[in-house]
Amino acid sequence: MRDTRESRLLLVLLITTAFALITVDIRGGEDSPVDGARQAAATVFGPIENGVSGAVDPIGNAVAAVRDSGDRHDRLAALERENAALKAELGSDDRNRSRTKQLDKVLKVAGQGQYGIKGAQVIAIGAAQGFSWTITIDVGANDGIERDMTVLNGDGLVGRITTVGPHTATVLLANDPDFTVGTRMEAGDELGFASGQGDRLLRVELLNGKAEIKKGDRLVTFGSQADKPFVPGVPVGTVSRVDPSGGDLTRTLYVTPFVSFSKLDIVGVVVQAPKKDPRDTVLPEKPKPTPTPTVTVTVTPSAPADGQRQQEQ
(Lines give C-alpha, C1' and ligand atoms only; values in the text may rest on other atoms or scores of the structure.)
Protein backbone atom coordinates (compact mmCIF):
# COMPACT_ATOMS: atom_id res chain seq x y z
CA MET A 1 0.00 0.00 0.00
CA ARG A 2 1.30 3.41 -0.98
CA ASP A 3 1.77 6.02 1.72
CA THR A 4 -1.07 8.46 0.82
CA ARG A 5 -3.45 10.58 2.77
CA GLU A 6 -6.23 8.03 2.30
CA SER A 7 -4.06 5.16 3.57
CA ARG A 8 -3.09 7.10 6.70
CA LEU A 9 -6.77 7.88 7.39
CA LEU A 10 -7.63 4.18 6.91
CA LEU A 11 -4.88 3.12 9.35
CA VAL A 12 -6.10 5.60 11.97
CA LEU A 13 -9.67 4.33 11.50
CA LEU A 14 -8.59 0.68 11.93
CA ILE A 15 -6.59 1.47 15.07
CA THR A 16 -9.51 3.41 16.54
CA THR A 17 -11.89 0.56 15.77
CA ALA A 18 -9.50 -1.96 17.35
CA PHE A 19 -9.24 0.03 20.57
CA ALA A 20 -13.03 0.40 20.62
CA LEU A 21 -13.51 -3.38 20.28
CA ILE A 22 -10.92 -4.05 22.98
CA THR A 23 -12.70 -1.64 25.32
CA VAL A 24 -16.09 -3.23 24.64
CA ASP A 25 -14.63 -6.75 25.13
CA ILE A 26 -13.02 -5.87 28.43
CA ARG A 27 -16.15 -4.19 29.79
CA GLY A 28 -18.38 -7.03 28.61
CA GLY A 29 -16.43 -9.75 30.45
CA GLU A 30 -17.90 -13.23 29.87
CA ASP A 31 -20.94 -11.59 28.11
CA SER A 32 -18.74 -9.73 25.68
CA PRO A 33 -20.52 -9.10 22.34
CA VAL A 34 -17.34 -10.11 20.50
CA ASP A 35 -17.10 -13.47 22.19
CA GLY A 36 -18.82 -15.18 19.27
CA ALA A 37 -16.41 -13.63 16.84
CA ARG A 38 -13.51 -14.82 19.03
CA GLN A 39 -14.83 -18.38 18.98
CA ALA A 40 -15.25 -18.27 15.22
CA ALA A 41 -11.73 -17.01 14.83
CA ALA A 42 -10.50 -19.80 17.06
CA THR A 43 -12.35 -22.32 14.90
CA VAL A 44 -10.78 -20.95 11.75
CA PHE A 45 -7.29 -20.26 12.97
CA GLY A 46 -6.97 -23.07 15.56
CA PRO A 47 -5.71 -25.74 13.14
CA ILE A 48 -3.22 -23.27 11.72
CA GLU A 49 -1.93 -22.48 15.21
CA ASN A 50 -1.58 -26.18 15.97
CA GLY A 51 0.41 -26.69 12.80
CA VAL A 52 2.65 -23.77 13.60
CA SER A 53 2.98 -25.04 17.18
CA GLY A 54 3.86 -28.49 15.92
CA ALA A 55 6.56 -26.98 13.76
CA VAL A 56 7.90 -24.78 16.52
CA ASP A 57 7.66 -27.20 19.48
CA PRO A 58 10.48 -29.52 18.33
CA ILE A 59 12.79 -26.54 18.25
CA GLY A 60 11.57 -25.46 21.68
CA ASN A 61 11.90 -29.01 22.95
CA ALA A 62 15.39 -29.22 21.56
CA VAL A 63 16.36 -26.00 23.33
CA ALA A 64 14.81 -27.30 26.54
CA ALA A 65 16.60 -30.61 26.07
CA VAL A 66 19.92 -28.84 25.67
CA ARG A 67 19.19 -26.77 28.76
CA ASP A 68 18.10 -29.88 30.72
CA SER A 69 21.06 -31.84 29.44
CA GLY A 70 23.28 -29.38 31.22
CA ASP A 71 21.37 -30.04 34.42
CA ARG A 72 21.58 -33.78 33.80
CA HIS A 73 25.31 -33.47 33.12
CA ASP A 74 25.75 -31.66 36.42
CA ARG A 75 23.76 -34.36 38.20
CA LEU A 76 25.75 -37.07 36.44
CA ALA A 77 29.02 -35.41 37.39
CA ALA A 78 27.84 -35.18 40.98
CA LEU A 79 26.88 -38.86 40.96
CA GLU A 80 30.24 -39.78 39.49
CA ARG A 81 32.00 -37.83 42.22
CA GLU A 82 29.91 -39.54 44.87
CA ASN A 83 30.64 -42.91 43.28
CA ALA A 84 34.37 -42.21 43.24
CA ALA A 85 34.25 -41.12 46.88
CA LEU A 86 32.36 -44.28 47.77
CA LYS A 87 34.87 -46.45 45.95
CA ALA A 88 37.70 -44.68 47.75
CA GLU A 89 35.94 -45.25 51.05
CA LEU A 90 35.40 -48.90 50.25
CA GLY A 91 39.01 -49.20 49.17
CA SER A 92 40.04 -47.60 52.43
CA ASP A 93 37.89 -50.09 54.30
CA ASP A 94 39.54 -52.96 52.41
CA ARG A 95 42.94 -51.59 53.28
CA ASN A 96 41.97 -51.13 56.91
CA ARG A 97 40.70 -54.69 57.02
CA SER A 98 43.99 -55.88 55.54
CA ARG A 99 45.97 -53.90 58.11
CA THR A 100 43.81 -55.19 60.92
CA LYS A 101 44.48 -58.73 59.75
CA GLN A 102 48.22 -58.06 59.58
CA LEU A 103 48.21 -56.55 63.06
CA ASP A 104 46.33 -59.56 64.42
CA LYS A 105 49.02 -61.85 62.98
CA VAL A 106 51.80 -59.73 64.49
CA LEU A 107 50.11 -59.83 67.89
CA LYS A 108 49.69 -63.60 67.59
CA VAL A 109 53.41 -64.05 66.89
CA ALA A 110 54.26 -61.71 69.78
CA GLY A 111 52.00 -63.69 72.11
CA GLN A 112 53.44 -67.05 71.08
CA GLY A 113 57.02 -65.88 71.49
CA GLN A 114 56.33 -63.65 74.50
CA TYR A 115 57.89 -60.70 72.69
CA GLY A 116 57.14 -57.17 73.81
CA ILE A 117 56.58 -55.29 70.57
CA LYS A 118 55.91 -51.80 69.28
CA GLY A 119 53.64 -51.79 66.24
CA ALA A 120 54.73 -49.75 63.24
CA GLN A 121 53.78 -49.02 59.66
CA VAL A 122 56.11 -49.03 56.67
CA ILE A 123 56.19 -45.53 55.20
CA ALA A 124 59.04 -45.87 52.70
CA ILE A 125 61.06 -48.54 50.95
CA GLY A 126 64.25 -48.29 48.96
CA ALA A 127 67.87 -47.33 49.02
CA ALA A 128 67.50 -43.79 50.36
CA GLN A 129 69.65 -44.65 53.37
CA GLY A 130 72.44 -46.24 51.32
CA PHE A 131 71.31 -49.83 51.67
CA SER A 132 70.02 -52.09 48.92
CA TRP A 133 67.09 -53.50 50.86
CA THR A 134 65.69 -51.19 53.54
CA ILE A 135 62.40 -49.85 54.77
CA THR A 136 61.48 -46.85 56.88
CA ILE A 137 58.92 -47.23 59.66
CA ASP A 138 56.91 -44.56 61.45
CA VAL A 139 58.32 -45.09 64.97
CA GLY A 140 61.60 -43.82 66.39
CA ALA A 141 63.51 -42.83 69.49
CA ASN A 142 60.50 -41.03 70.95
CA ASP A 143 58.66 -44.39 70.86
CA GLY A 144 61.44 -46.30 72.63
CA ILE A 145 63.06 -47.65 69.46
CA GLU A 146 66.81 -48.30 69.55
CA ARG A 147 69.44 -49.49 67.13
CA ASP A 148 69.84 -53.28 66.72
CA MET A 149 66.29 -54.24 67.65
CA THR A 150 64.60 -57.18 65.93
CA VAL A 151 61.79 -56.40 63.48
CA LEU A 152 59.16 -59.01 62.61
CA ASN A 153 55.68 -59.31 61.19
CA GLY A 154 52.97 -61.93 61.27
CA ASP A 155 55.01 -64.28 59.06
CA GLY A 156 58.46 -64.10 60.62
CA LEU A 157 61.77 -62.23 60.59
CA VAL A 158 61.73 -58.91 58.71
CA GLY A 159 65.12 -57.44 59.71
CA ARG A 160 66.84 -55.29 62.28
CA ILE A 161 66.92 -51.58 63.15
CA THR A 162 70.01 -49.80 61.83
CA THR A 163 69.25 -46.07 62.09
CA VAL A 164 66.94 -44.30 64.52
CA GLY A 165 65.50 -40.81 64.30
CA PRO A 166 63.08 -39.08 66.67
CA HIS A 167 59.98 -40.30 64.82
CA THR A 168 61.22 -42.82 62.25
CA ALA A 169 63.67 -45.69 61.97
CA THR A 170 65.43 -47.58 59.19
CA VAL A 171 65.20 -51.35 58.99
CA LEU A 172 67.77 -53.48 57.16
CA LEU A 173 65.79 -56.31 55.62
CA ALA A 174 66.79 -59.93 56.08
CA ASN A 175 67.31 -60.41 52.34
CA ASP A 176 69.94 -57.65 52.10
CA PRO A 177 73.42 -58.96 51.12
CA ASP A 178 74.88 -57.27 54.21
CA PHE A 179 72.43 -59.02 56.52
CA THR A 180 73.46 -62.07 58.59
CA VAL A 181 71.56 -63.81 61.37
CA GLY A 182 72.25 -66.89 63.44
CA THR A 183 69.78 -69.73 62.84
CA ARG A 184 68.74 -73.01 64.41
CA MET A 185 67.01 -75.88 62.66
CA GLU A 186 63.55 -76.85 63.89
CA ALA A 187 63.45 -79.71 66.39
CA GLY A 188 67.24 -79.89 66.53
CA ASP A 189 70.40 -78.09 67.50
CA GLU A 190 71.98 -77.63 64.07
CA LEU A 191 73.22 -74.07 63.99
CA GLY A 192 74.12 -71.89 61.07
CA PHE A 193 74.23 -68.39 59.66
CA ALA A 194 71.70 -67.08 57.14
CA SER A 195 72.68 -64.31 54.73
CA GLY A 196 70.54 -62.28 52.36
CA GLN A 197 70.91 -62.48 48.59
CA GLY A 198 68.56 -59.76 47.41
CA ASP A 199 65.66 -61.20 45.44
CA ARG A 200 67.12 -64.72 45.62
CA LEU A 201 66.76 -67.31 48.37
CA LEU A 202 68.53 -66.87 51.70
CA ARG A 203 71.84 -68.69 51.89
CA VAL A 204 72.48 -70.62 55.10
CA GLU A 205 75.83 -72.10 56.09
CA LEU A 206 75.37 -74.87 58.63
CA LEU A 207 78.27 -75.37 61.04
CA ASN A 208 77.94 -79.14 60.74
CA GLY A 209 78.86 -80.28 57.23
CA LYS A 210 77.39 -83.73 57.89
CA ALA A 211 74.02 -82.56 59.19
CA GLU A 212 71.05 -84.47 57.81
CA ILE A 213 68.85 -81.79 56.29
CA LYS A 214 66.02 -82.24 53.82
CA LYS A 215 63.80 -80.02 51.77
CA GLY A 216 60.92 -78.60 53.83
CA ASP A 217 62.85 -78.33 57.11
CA ARG A 218 62.39 -74.99 58.85
CA LEU A 219 64.63 -72.53 60.66
CA VAL A 220 64.25 -69.95 63.43
CA THR A 221 66.58 -67.30 64.79
CA PHE A 222 69.14 -68.55 67.29
CA GLY A 223 69.31 -65.28 69.15
CA SER A 224 72.13 -62.89 70.00
CA GLN A 225 73.99 -62.01 73.16
CA ALA A 226 71.78 -59.74 75.26
CA ASP A 227 69.08 -60.33 72.57
CA LYS A 228 70.53 -57.69 70.25
CA PRO A 229 70.21 -57.51 67.34
CA PHE A 230 68.14 -60.71 67.33
CA VAL A 231 65.82 -62.34 69.80
CA PRO A 232 65.47 -66.16 69.62
CA GLY A 233 62.67 -68.18 68.06
CA VAL A 234 61.57 -65.87 65.24
CA PRO A 235 60.63 -67.90 62.12
CA VAL A 236 63.14 -67.43 59.28
CA GLY A 237 62.13 -69.72 56.43
CA THR A 238 61.88 -73.18 54.87
CA VAL A 239 64.68 -75.17 53.23
CA SER A 240 64.19 -75.28 49.46
CA ARG A 241 67.50 -76.79 48.37
CA VAL A 242 70.43 -78.56 50.04
CA ASP A 243 73.86 -78.63 48.46
CA PRO A 244 75.78 -81.90 48.69
CA SER A 245 78.20 -81.86 51.60
CA GLY A 246 81.23 -83.00 49.60
CA GLY A 247 83.22 -83.46 52.79
CA ASP A 248 83.27 -79.72 53.57
CA LEU A 249 83.26 -78.49 57.14
CA THR A 250 80.01 -76.59 56.52
CA ARG A 251 76.88 -77.35 54.53
CA THR A 252 75.05 -74.89 52.36
CA LEU A 253 71.26 -74.57 52.36
CA TYR A 254 68.99 -72.31 50.36
CA VAL A 255 65.99 -71.10 52.29
CA THR A 256 62.73 -69.52 51.17
CA PRO A 257 61.92 -66.83 53.76
CA PHE A 258 58.53 -66.78 55.40
CA VAL A 259 58.31 -63.02 54.87
CA SER A 260 57.49 -61.46 51.50
CA PHE A 261 59.83 -58.46 51.53
CA SER A 262 58.01 -56.71 48.69
CA LYS A 263 54.68 -56.70 50.56
CA LEU A 264 55.52 -55.13 53.90
CA ASP A 265 53.03 -52.84 55.63
CA ILE A 266 52.46 -53.56 59.35
CA VAL A 267 55.46 -54.72 61.37
CA GLY A 268 56.44 -55.04 65.01
CA VAL A 269 59.67 -53.93 66.66
CA VAL A 270 60.70 -56.17 69.57
CA VAL A 271 61.33 -53.74 72.42
CA GLN A 272 61.37 -56.44 75.09
CA ALA A 273 62.92 -59.87 74.63
CA PRO A 274 61.21 -63.04 75.96
CA LYS A 275 62.28 -64.33 79.36
CA LYS A 276 63.07 -67.73 77.86
CA ASP A 277 63.80 -69.06 74.40
CA PRO A 278 60.47 -69.89 72.72
CA ARG A 279 62.27 -72.51 70.58
CA ASP A 280 59.85 -73.66 67.84
CA THR A 281 56.57 -72.46 69.35
CA VAL A 282 56.31 -69.45 67.03
CA LEU A 283 56.57 -71.52 63.85
CA PRO A 284 53.26 -71.92 62.02
CA GLU A 285 51.61 -75.30 61.92
CA LYS A 286 52.87 -77.47 59.13
CA PRO A 287 50.33 -77.97 56.37
CA LYS A 288 48.76 -81.39 56.49
CA PRO A 289 49.56 -83.47 53.40
CA THR A 290 46.61 -84.03 51.12
CA PRO A 291 45.88 -87.75 50.89
CA THR A 292 46.25 -89.20 47.44
CA PRO A 293 43.07 -91.00 46.41
CA THR A 294 43.55 -94.64 45.49
CA VAL A 295 41.53 -96.29 42.78
CA THR A 296 40.93 -100.04 42.90
CA VAL A 297 40.21 -101.68 39.58
CA THR A 298 38.46 -105.07 39.66
CA VAL A 299 38.78 -107.18 36.52
CA THR A 300 35.86 -109.51 35.83
CA PRO A 301 36.67 -112.36 33.41
CA SER A 302 34.40 -112.32 30.39
CA ALA A 303 32.41 -115.45 29.35
CA PRO A 304 33.88 -117.33 26.33
CA ALA A 305 32.16 -116.95 22.99
CA ASP A 306 30.04 -119.84 21.57
CA GLY A 307 32.72 -120.75 18.99
CA GLN A 308 35.39 -120.91 21.64
CA ARG A 309 33.15 -123.02 23.87
CA GLN A 310 32.57 -125.57 21.04
CA GLN A 311 36.29 -125.82 20.30
CA GLU A 312 37.04 -126.48 23.96
CA GLN A 313 34.47 -129.33 23.94
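The values are calculated or read from the model by the stated rules, or taken from the named source; none is laboratory data. Computed from a predicted model, the values in this text were never measured in an experiment. Backbone-built Cβ (ideal geometry, glycine too); neighbour counts: all protein chains shown. Just so you know, the surface numbers come from the protein's heavy atoms only, side chains and all, with ligands and any DNA or RNA stripped out. Shrake-Rupley method; radii C 1.70, N 1.55, O 1.52, S 1.80 Å.
Things to note:
- For first residues located in the range 186-198 and closer than 15 Å to ARG251 by Cα and open to solvent by 10 Å² or more (accessible area, probe 1.4 Å), partners that are of a type in the set (Ser, Thr, Tyr) and modelled with pLDDT of 95 or more and lie 6+ apart or on another chain with Cβ distances below 6 Å form the pairs PHE193/THR180; SER195/THR180.
- Residues located in the range 253-275, provided they are in a strand (DSSP E or B), within 18 Å of ARG184 (Cβ to Cβ) and open to solvent by less than 20 Å² (accessible area, probe 1.4 Å): LEU253, VAL255, VAL270
- Criterion (touching a residue at least 40 places away in the same chain (Cβ under 8 Å), over 20 Å from ASP280 (Cα atoms) and open to solvent by less than 40 Å² (accessible area, probe 1.4 Å)) met by exactly one of GLY233, GLY209, GLY237, GLY223: GLY209
- THR163 vs. criteria of a type outside the set (A, V, I, L, M), open to solvent by 10 Å² or more (accessible area, probe 1.4 Å) and under 28 Å from the mean Cα position of the chain (by Cα): no
- Complete set of residues in the range 240-250 that are in a strand (DSSP E or B) and either open to solvent by 60 Å² or more (accessible area, probe 1.4 Å) or of a type in the set (Lys, Arg) (or both): ARG241
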